[in-house]
Amino acid sequence: MTKDMDQIISLCKRRGFIFPSSEIYGGFAAVYDYGQLGVELANNIKRAWWKSMVQKRDDIVGLDSSIFMHPKIWEASGHVGGFSDPLTECKSCHTRSRVDHLLEEVDVFADEKMSEEEINELFSANMKKIHCPKCGNSDFSEVKSFNLLVKSNLGNFTGDWTKEPVYLRGETCQGIYVNFENVLDSSRKKLPFGIAQIGKAFRNEITARQFIFRTREFEQMEMQYFTSPDKEMEEYEKLRQVRWQYYIDLGIKEENLQWHKHENLVFYAKEAYDIEYRFPFGFKELEGVHARGNYDLTQHSKFSGQELTYTDPTTNEKFIPHIVESSVGVGRTMLAVLTDAYHEEEAPTAEEGETDKRVVLKLPFSLAPFKIAVLPLSKKEPLTDISRKIATTLRDDWMVQYDETQSIGKRYRRQDEIGTPFCVTIDFDTPEDNKVTVRHRDSMKQERVSIEDLGGYIREQK
Ligand code: ATP
């Protein structure tokens, strides 16, 4: 089944996964809010990532560095000088677009290393084939580089703060590099080891399309792994395998994933691959897995004047550690997970012999916002009283939704749509036999389970 972006966007809004930011003020481009279900899904994604990258690893520790950092960090990292995208403006409707994206639409691929002049030439040569995504016109302004760093006036109380800005971080990994020595000294880790971090990043993205795929405020989950130069590529291969397996374990279908190798590497990179996911708009980058050489620590050494080296305790050899990294967005993972889980299918209704279409999010138990829905068949005592007690007990371990309104068929459909794996129905026999009916989301199979055994039953099934 081809997944339609509009169906996913509509479900996200309707059920409270994702809302456009500042909607009552007409919205705010490329910024989104997570609603009551979105925040649960995002937290579950972050938990799964942290479990895989930190909790289960003896060789990786966590970090939470600040969004604001010394402005020199962004000079050292190359972001002040080079963190830019080529931009053009449609002469007819004034919509701004990224030139590399417009070129991609007509199967022309810009090289990351190209100068502004070279991209301009390439763009001019292909301009007649290219159409503005908004109005279809084929006449565009000259290409200009546009820096993606977001400036702030933090700490600047006088003068022109745009000249000496403090930036909102453009990526989380810089906080990891500048804390390398702190972590090394305080954790007593030996190479190879990694530092992982989840946090907000900000980019002045030019094109605000494709829902939460590309936003101006987003969260990244990044792990930087420090190694000796001779082990870099070996660790890189291991990391690639770990990251691929992570998505399979997360329940993403393997046929919807692919590797994309970067052919034109930045000068310091050893190798770079992206894991791409089959989004409704095609295969696009979900995460980057890169071998970065010793560029990052070398730059920070140079700009800070602090030596960022490691001395091998057995050989006494001193060197600047090399880095292999994994970097992925929470929002992008969320979009991939929702796309993978979204299904529309014919399903039997509560009425004998009839079917209708159901929307079901086949999310894995670990990611589902609510794990269980507790549904009394009537709004009256004693069913509601029993149901509330069951919900209270289950809430010790899981997110539970209690719902007593409308027909049971409609309530099942509501839970299917938000991916709740189990519905527990309390019916008129329950006060007599102390049993409830457990309905499984995907198979719609129903089983009678005693209230006493319910927690154990769910733990076994998930
Ligand atoms: P793209 O080519 O899509 O702009 P990138 O190569 O600039 O991405 P990186 O800087 O490598 O991305 O960031 C690592 C990861 O962070 C990406 O794979 C993506 O999951 C996430 N990410 C980057 N930019 C954004 C954004 N604007 N919105 C949402 N997620 C993002």
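The values are calculated or read from the model by the stated rules, or taken from the named source; none is laboratory data. All values reported here derive from a predicted model rather than from experimental measurement. So basically every Cβ, Gly included, is an ideal-geometry build from the backbone, and we count neighbours across all protein chains shown.
E219 - would you say it is over 19 Å from V166 (Cα atoms), of a type outside the set (F, W, Y) and within 10 Å of the ligand (Cβ to nearest atom)? It is true that E219 is over 19 Å from V166 (Cα atoms), of a type outside the set (F, W, Y) and within 10 Å of the ligand (Cβ to nearest atom).
Q36 satisfies every condition listed in (1) loosely packed, with under 14 Cβ neighbours inside 10 Å; (2) out of contact with any Gly (no Cβ under 9 Å at 6 or more places or on another chain); (3) among the polar types (S, T, N, Q) except (2). Looking only at the range 286-313, residues that are free of Cβ contacts under 8 Å to residues at least 40 places away in the same chain and farther than 24 Å from V80 by Cβ come to 2 in all. When the range 73-120 is filtered for residues that are within 30 Å of F180 (Cα to Cα) and hydroxyl-bearing (S, T, Y), the ones remaining, listed by number, are S77, S84.
Restricting E181, E217, E235, E205 to residues that are touching a residue at least 60 places away in the same chain (Cβ under 8 Å) and over 24 Å from G170 (Cα atoms) narrows the list to E235. Scanning the range 52-64 for residues that are in contact with a Phe, Trp or Tyr (Cβ under 7 Å, 6 or more places away or on another chain) and outside any strand (DSSP E or B) gives S52, D59.
With respect to the conditions (1) over 17 Å from T172 (Cα atoms); (2) under 24 Å from the mean Cα position of the chain (by Cα); (3) in the same structural domain as E235 (by TED's automatic domain parsing); (4) not polar (S, T, N, Q), G331 lacks only one, and its number is (1). With closer than 21 Å to I323 by Cβ, of a type outside the set (S, T, N, Q) and at pLDDT 95 or above as the only criterion, which of R57, R47 stands out? Residue meeting the stated conditions: R57. Restricting attention to the range 352-385, the residues that are free of Cβ contacts under 8 Å to residues at least 40 places away in the same chain and over 23 Å from V436 (Cβ atoms) total 5.
Let's see how each residue does on (1) under 30 Å from N316 (Cβ atoms); (2) within 14 Å of the ligand (Cβ to nearest atom):
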position: Y225; (1), (2): yes, no
position: P229; (1), (2): yes, no
position: M233; (1), (2): yes, no
position: E237; (1), (2): yes, no
position: R243; (1), (2): no, yes
position: Y246; (1), (2): no, yes
position: K253; (1), (2): no, no
position: H260; (1), (2): no, yes
position: N264; (1), (2): no, yes
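Residues of the range 193-215 include at least one that is buried (at least 18 other Cβ atoms within 10 Å of the Cβ), within 10 Å of the ligand (Cβ to nearest atom) and under 17 Å from S326 (Cβ atoms). Would you mind finding the one in G170, G175, G155, G159 that is assigned to a helix (DSSP H, G or I) and assigned by TED's automatic domain parsing to the domain that holds Q197? After ruling out the rest, the residue left standing is G175. L338 falls short on exactly one of the conditions (1) assigned to a loop (DSSP other than H, G, I, E, B); (2) crowded, with 21+ Cβ neighbours inside 10 Å, and that condition is (1). May I ask you to list the residues in the range 101-138 that are under 20 Å from Q210 (Cβ atoms) and of a type in the set (G, A, S)? Within the range 101-138, A110, G136 meet the criteria.
If the condition is being in a loop (DSSP other than H, G, I, E, B) and either assigned by TED's automatic domain parsing to the domain that holds I418 or surrounded by 19 or more Cβ atoms within 10 Å (Cβ to Cβ) (or both), then the range 300-328 contributes L308, I320, P321.
Restricting attention to the range 139-168 and to residues that are under 30 Å from P321 (Cβ atoms) and out of contact with any helix residue (DSSP H, G or I) (no Cβ under 7 Å at 6 or more places or on another chain), the residue that is modelled with the lowest pLDDT turns out to be N147. Mind listing whichever residues of the range 273-299 are crowded, with 19+ Cβ neighbours inside 10 Å and within 9 Å of the ligand (Cβ to nearest atom)? Of everything in the range 273-299, those that are crowded, with 19+ Cβ neighbours inside 10 Å and within 9 Å of the ligand (Cβ to nearest atom) turn out to be D274, I275, L286, E287, H290.
Matching residues to (1) farther than 26 Å from D397 by Cα; (2) more than 16 Å from the ligand (Cβ to nearest atom):
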residue: V324; (1), (2): yes, no
residue: L335; (1), (2): yes, no
residue: H343; (1), (2): yes, yes
residue: E346; (1), (2): yes, yes
residue: V359; (1), (2): yes, yes
residue: F365; (1), (2): no, yes
residue: A373; (1), (2): no, yes
residue: K379; (1), (2): no, yes
residue: L383; (1), (2): no, yes
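Among residues of the range 436-458 that are under 17 Å from I408 (Cα atoms), none has a Cβ under 6 angstrom from a residue that is among the small types (G, A, S) and not in a strand (DSSP E or B) at a sequence gap of 6+ or on a separate chain. Any residue that is of a type in the set (V, I, T), more than 28 Å from the chain's Cα centre (by Cα) and more than 23 Å from V61 (Cα to Cα) - is there at least one of those in the range 354-373? So far as the range 354-373 goes, yes, one or more of its residues are of a type in the set (V, I, T), more than 28 Å from the chain's Cα centre (by Cα) and more than 23 Å from V61 (Cα to Cα).
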